[in-house]
Amino acid sequence: MGASSAPFSVSAQGKNPRILKGGKAMTQATAVHEAPKSFIRRYIFSTDHKVIGLQYLFLAMAAVAIGIVLSLYMRLRLAWPTERWPLLGKLFPNAMAGGTISPEFYLSLVTMHGTIMVFFVLTTAPLGGFGNYFLPIQVGAHDMAFPVLNMLSFWVTLAGFLVLMAAFFVSGGAPISGWTAYAPLSAVGEIAGPGLGMGQNLWILSIALFCIASLLGALNFITTTLNLRTKGMAMTRLPLTVWAWFTTAVLALLAFPVLLAGGILLLLDRVAGTSFFVPGGLIVSDKILPHKGGSPLLWQHLFWFFGHPEVYIAILPGMGITSHVLSTFARKPIFGYRAMVTAIFAIGLLGFLVWGHHMFVSGMSPYSAIAFSLLTLSIGVPSAIKTFNWLATLYKARIHFTVPMLFALGFVSIFVTGGLSGIVLGQTSLDIPMHDTYFVVAHFHLIMGVAAIFGIFAGTYYWFPKIFGRMMNDALGKLHFWLTFIGIYAIFIPMHILGIAGHPRRYAETAGFDFLTPLQPIHVFITIAALITAGAQLLFFFNFFWSIWKGKKAEMNPWRATTLEWTIPSPPPHDNFGPQTPVVHRGPYEYSVPGAAEDYLLQTAPPAPTKS
Amino acid sequence: MAEKVERLRFAEWGGGVSPFAVGSKKLGMWLFIVSDSLTFSGLLVGYSYVRIANERWPMPFEFWPTIVMATVMTFCLLSSSLTMALAVRASSLGDRARVVRFIALTMLGGILFVLLHAKEWAGLIAEGVRLWENPWGVPLFGASFFTLTGLHMLHVISGVIYLGVIALGVSRGRFTHEDVEISGLYWHFVDLVWMFIFPLVYLLSVKMP
C-alpha cells in the first residue's frame, strides 16, 4: 500500500488531454478523483471504482455465507425430516422454536436463500464487484464516468441487503412466497401465512432498492465503456470481459425497471387495497377477500420479463471471465473473437423474448407456448457458438492448469451440463411434467447458480494478485476446486433423478407420499454432499483472507497476460494509470504470436516494425 | 479497395470522444430515459392487461369537463416543451437571461399542469373514486388511474424542481449548455410519457352515448 500512495500527488497535477477533450462531464469525473485523505472518504464513502468494487465483493461474500447456511438448514430438513436441532435453532429463536424447521419456516428459507443468492451474490459479485474494479482499468480509464453515482449504487445495494435481512427479525419472519414472489400468495398479506405481512413488504422494498442501485450501476458501465476508452482501445479490441459486462449492463438497464413497475403494483396491492394481482372471490384462510378484478398472471409476466434476463445478468460476466482466463492459460488467442461478441449480444437479445417459458404450466395458450419454446431453444445456437469456441481455443493448446484455469474449465463443464437440461425444459411437452419437480431445481442451480459462481471463483483467483498484490495459495486453491467441482455434481446430478421420479420441489417433507419414500436415501446423499461442498468453501475463505496478509508477493503480471490491468502495479494506484494514459496498439488476446520474443504481447506493446 | 477496408477496420480509436459524439452526462440521461420508459411501459402494459381481462371496464369520462380539462393540461405540457426547446436554443446562443426566462415559462407550464391535475384528482376523489373502489364498477379503474397519473405527476414535480435548480444555476453563471440540454431531454421525456397516458387512460375511457 505504501508504494501506491506516491502516484496520487503526481496524478492530481497531471493534466490529461483526453479528459479535456471530452467536455465538462469528464472533467468533473476526474475532479472528484483526487486522492482522498481521510479514512472515511478513502475506504468507506469512496468514489474510487476499485474501492467500490471491493465493497461489492465483500458484500457478496457476506451474502453468500448467509445464503449457504440457509441452504444447509433446508438440506438438513430434507434429509432428516424428524430430527431436532436445538443448537441450530439458536440462530432463529422464534422461527425454529424447539429446534424443528416447520414447513412454513422451510419456505422462508427457500425465499431468502433464493433472493440473497440471485440478487446479492450472482448479480452483485461478478458485475458490481469485478465489473467495477476491472472495467475502467481494462478500457484504460482513470475511473467510471459517474463516480458519485457509482458510490451511491453500492450504498443503495447495501441498504437493500439490510432491509432484506430485517425481514428475518420482524413479526411473522421472512416471507414464504419464493424469490419469485408469486401472486396472489405475495399480494394478499398476513392472512395467507407467516412472513407475508411485514416480511413481504420488506422484501419488496429491498428489491425496489436493488432495482435503483442496478440502474445507477448500469448507467456507469455503459457510459464508461462507450466514452472513456483510451487511445487505440477500439470496441474490437475490448477484452471479452468488458463486452460481457457491457452487455450485462444493457440487460440490467432494460430488465430491472420492469421489475420495479411490478414491485410498485405489488406493494400497492398489499398496502393500498388495489387488486392488480388478486382475482375476485378469492378465499384465503376461510375468509373471502375484498379484492377483485386482478390477474396473478400479470405478476408472472412482469416478473419473468425481468427474471429471464436476470439469469443472463448472472451468467454473462462468468462467460466473459471464462473466455478471458481460457485464452490466457491456453496461451492462445481466443477462437472467434467476433463470433464471441456476437454470441454474447445474441444471448442478451433472445433473453428478452423467452420469459414465457417460465410460465408453461400457467395455462397459457399452446400457440404462445410454441413461440416461446422455439425462441428458447434458439438460445442454444449462440450458447453452442460460445462452447465450441472455448473448445477450439483449448484445441492443441499447452494448457497451464492454474487454479483460475481449473475454475474456467469447470465453468465450461457445468455450463454444458446445465444447458443440456435447459433443452429438455425448453420444450413445453417435457416441461409440463417436470416443471414443479427437482429437475428444474437442478437445472437452474447448475446453469445460473453454480456456473456463475465458478466464473466468480475463476475471477477471484485470477485477479487476486492484482487486487491485493499477493498470490493466493495454489495447493489450497486446487483442493478447493476439486472438492467443489465433484461436490457440485454430487449434489445436482441426483436432483435430476429426483425430478424425473416426480419429486415435487418446495416441499419441506415427503411424509404421506408413498411414491417418494424410496427416494429418501438420495436426499440423504445430497445433503451429505452439500455439507462437504459447503465445508470446502471454508478453504476458500481461509485462503482468501490468509493470502491478503500472508500470501506470496505477486509480480505486476504473474500470469503473463495481455490486458491493461497487467501493465500497472499491484495493487493499482488510486488513479490506475497515473499521468501516463496507456495507448493501445493490439487486440486483447495476442498469445504465442509467431516471431514475438515472449509468448504474449501486452495490448500496449508497440506495433511490429513495418515490413521492409 | 481492400486496403481501405483494412484501414477502416483497424482505424485507431482516439479515445476520450464518444463514437456517437455524445458527452457522458448526456448519454447517462439518455440511458436513464430508456430505463424509466420501461418502468412506464411495465405499468401501461399492466393497465392494458387488467383492462382487457375485465369485462365492462368503466368508461365514465364526460367530454365536459374531464376531456376538455385533460386537453388543456396536455396543452400546458406541450407548450412547456416548446418553451423548453426555446430555452435550449437560447442557451446554445449563450443568452443566459433568455434561458432563465424560457425555463421559468416551462416551469410555469409544469406547475399549471400539476395544479389542474390535482384539481381533477380532488374531483374524482369527491365522486368516490378510491384505489380500491369507484362508483362505476371494476375497482381497478381507480387503482390504475391513480397509479399511472400519480407516477407521472411525480415525474413532472421532480422535473419542475430539476428545472428550477438548472435555472438558478444558469442565472448565477454555473451550468453549461450541455446541462441545460440534458434537463430539456428529461422534460421532453416526461411530456412524451403523457402523450401515451392521455389517449390510453383518458380518450379510451370516454362515456359512450
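One line per residue, one yes/no per condition, for (1) closer than 23 Å to A:Leu228 by Cβ; (2) of a type in the set (A, V, I, L, M, F, W, C):
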| position | (1), (2) |
| --- | --- |
| A:Gln537 | no, no |
| A:Phe545 | no, yes |
| A:Lys550 | no, no |
| A:Asp575 | yes, no |
| A:Gln580 | yes, no |
| A:Val583 | yes, yes |
| A:Gly595 | no, no |
| A:Thr604 | yes, no |
| A:Ala608 | no, yes |
Filter result for the condition that a residue is aliphatic (A, V, I, L, M), more than 24 Å from B:Pro209 (Cα to Cα), more than 14 Å from chain A (Cβ to nearest Cβ) and in contact with a Cys (Cβ under 6 Å, 6 or more places away or on another chain), over B:Leu112, B:Leu108: B:Leu112
Return only the number of the condition from (1) part of a helix (DSSP H, G or I); (2) modelled with pLDDT of 95 or more; (3) not acidic (Asp, Glu) that A:Ala181 does not satisfy. (1)
Residue match in the stretch A:43-61 (condition: surrounded by fewer than 16 Cβ atoms within 10 Å (Cβ to Cβ), at pLDDT 95 or above and within 28 Å of the chain's Cα centre (by Cα)): yes
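Do the conditions hold for A:Leu268, that is, is it part of a helix (DSSP H, G or I) and under 18 Å from B:Phe146 (Cα atoms)?
Taking the combined requirement at face value, the residue satisfies it.
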In the stretch A:418-433, how many are in contact with a Leu (Cβ under 6 Å, 6 or more places away or on another chain) and assigned to a helix (DSSP H, G or I)? 3
Of all residues in the stretch A:223-241 being buried (at least 24 other Cβ atoms within 10 Å of the Cβ) and closer than 23 Å to A:Pro257 by Cα, the one that is farthest from the other protein chains (Cβ to nearest Cβ): A:Thr225
Of everything in the stretch B:122-154 that's small (Gly, Ala, Ser) and outside any helix (DSSP H, G or I), which residue is surrounded by the fewest Cβ atoms within 10 Å (Cβ to Cβ)? B:Gly128
Residue check, A:Trp304 against (1) touching a His at 6+ places or on another chain (Cβ under 9 Å); (2) facing chain B (nearest Cβ under 8 Å); (3) modelled with pLDDT of 95 or more, all met but one. Which one? (2)
Out of the residues in the stretch B:45-56 that are free of Cβ contacts under 8 Å to residues at least 60 places away in the same chain and surrounded by fewer than 18 Cβ atoms within 10 Å (Cβ to Cβ), state the one that is nearest to the other protein chains (Cβ to nearest Cβ). B:Ala53
Here are B:Leu78, B:Leu82: which of them is surrounded by fewer than 18 Cβ atoms within 10 Å (Cβ to Cβ), out of contact with any strand residue (DSSP E or B) (no Cβ under 7 Å at 6 or more places or on another chain), free of Cβ contacts under 8 Å to residues at least 60 places away in the same chain and not β-branched (Val, Ile, Thr)? B:Leu82
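Look at A:Leu205 and say whether it is at pLDDT 95 or above and within 14 Å of chain B (Cβ to nearest Cβ). Outline the logic, then answer.
On the way: at pLDDT 95 or above: yes; within 14 Å of chain B (Cβ to nearest Cβ): no.
When the stated conditions are applied, A:Leu205 does not pass them.
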Keeping to the stretch A:242-269, report how many residues are at the interface with chain B (Cβ under 7 Å from one of its Cβ atoms) and among the small types (Gly, Ala, Ser). 2
Under 7 Å by Cβ, and 6 or more places apart or on different chains, what pairs join a residue from the stretch B:189-209 that is under 18 Å from B:Phe32 (Cα atoms) with one that is modelled with pLDDT of 95 or more and among the small types (Gly, Ala, Ser)? B:Val190/B:Gly159; B:Asp191/B:Ser81
Could you tell me whether the stretch A:382-391 includes any residue that is over 25 Å from the mean Cα position of the chain (by Cα) and assigned to a helix (DSSP H, G or I)? no
Of everything in the stretch A:95-153, what is part of a loop (DSSP other than H, G, I, E, B) and without any contact (Cβ under 8 Å) to a residue 60 or more places away in the chain? Give them in sequence order. A:Met96, A:Thr100
Is there any pair linking a residue in the stretch A:358-377 that is closer than 18 Å to A:Thr180 by Cα to one that is in a loop (DSSP other than H, G, I, E, B), with Cβ under 8 Å and at least six apart or on different chains, and which? A:Phe360/A:His435; A:Val361/A:His435; A:Val361/A:Asp436
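What residue, of B:Gly42, B:Gly23, is on the phi < 0 side of the Ramachandran plot, among the small types (Gly, Ala, Ser), surrounded by 12 or more Cβ atoms within 10 Å (Cβ to Cβ) and at pLDDT below 90? Working first, answer last.
On the way: B:Gly42 fails: at pLDDT below 90.
So the residue among B:Gly42, B:Gly23 that is on the phi < 0 side of the Ramachandran plot, among the small types (Gly, Ala, Ser), surrounded by 12 or more Cβ atoms within 10 Å (Cβ to Cβ) and at pLDDT below 90 is B:Gly23.
Could you please give the count of residues in the stretch B:155-187 that are in a helix (DSSP H, G or I) and within 11 Å of chain A (Cβ to nearest Cβ)? Spell out the reasoning first.
If we filter the stretch B:155-187 for residues that are in a helix (DSSP H, G or I), which is where we start, we get B:155-171, B:177-187.
If we keep only those that are within 11 Å of chain A (Cβ to nearest Cβ) too, we end up with B:177-179, B:182.
The qualifying residues number 4.
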Out of (1) assigned to a helix (DSSP H, G or I); (2) more than 14 Å from chain B (Cβ to nearest Cβ); (3) buried (at least 23 other Cβ atoms within 10 Å of the Cβ); (4) among the aliphatic types (A, V, I, L, M), what's the single condition that is false for A:Ile334? (1)
Can we say A:Gly294 is out of contact with any strand residue (DSSP E or B) (no Cβ under 8 Å at 6 or more places or on another chain), within 14 Å of chain B (Cβ to nearest Cβ) and over 30 Å from A:Leu253 (Cβ atoms)? no
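Being of a type outside the set (A, V, I, L, M), in contact with a Phe, Trp or Tyr (Cβ under 6 Å, 6 or more places away or on another chain) and more than 28 Å from A:Phe169 (Cβ to Cβ) narrows it down to one of A:Gly140, A:Gly99, A:Gly131, A:Gly114, so name that one. Walk me through it before giving the result.
Details: A:Gly140 fails: in contact with a Phe, Trp or Tyr (Cβ under 6 Å, 6 or more places away or on another chain); A:Gly99 fails: more than 28 Å from A:Phe169 (Cβ to Cβ); A:Gly114 fails: more than 28 Å from A:Phe169 (Cβ to Cβ).
Result: A:Gly131 is the single residue among A:Gly140, A:Gly99, A:Gly131, A:Gly114 that is of a type outside the set (A, V, I, L, M), in contact with a Phe, Trp or Tyr (Cβ under 6 Å, 6 or more places away or on another chain) and more than 28 Å from A:Phe169 (Cβ to Cβ).
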Single residue of B:Met59, B:Met73 found to be assigned to a helix (DSSP H, G or I), touching a residue at least 24 places away in the same chain (Cβ under 8 Å) and more than 14 Å from chain A (Cβ to nearest Cβ): B:Met73
Conditions: (1) of a type outside the set (Gly, Ala, Ser); (2) touching an Asp or Glu at 6+ places or on another chain (Cβ under 7 Å); (3) free of Cβ contacts under 8 Å to residues at least 24 places away in the same chain. A:Pro257 meets all but one. Number of the miss? (3)
Whether any residue in the stretch A:398-412 is aliphatic (A, V, I, L, M) and without any contact (Cβ under 8 Å) to a residue 60 or more places away in the chain is what I want to check. no
Test result for A:Phe169, away from chain B (no Cβ under 14 Å), at pLDDT below 95 and either out of contact with any helix residue (DSSP H, G or I) (no Cβ under 7 Å at 6 or more places or on another chain) or in a helix (DSSP H, G or I) (or both): yes
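The values are calculated or read from the model by the stated rules, or taken from the named source; none is laboratory data. If you're wondering where the values come from, they're calculated on a predicted model, not measured in any experiment. Cβ: placed from backbone, ideal geometry, glycine included. Neighbour counts: every protein chain shown.
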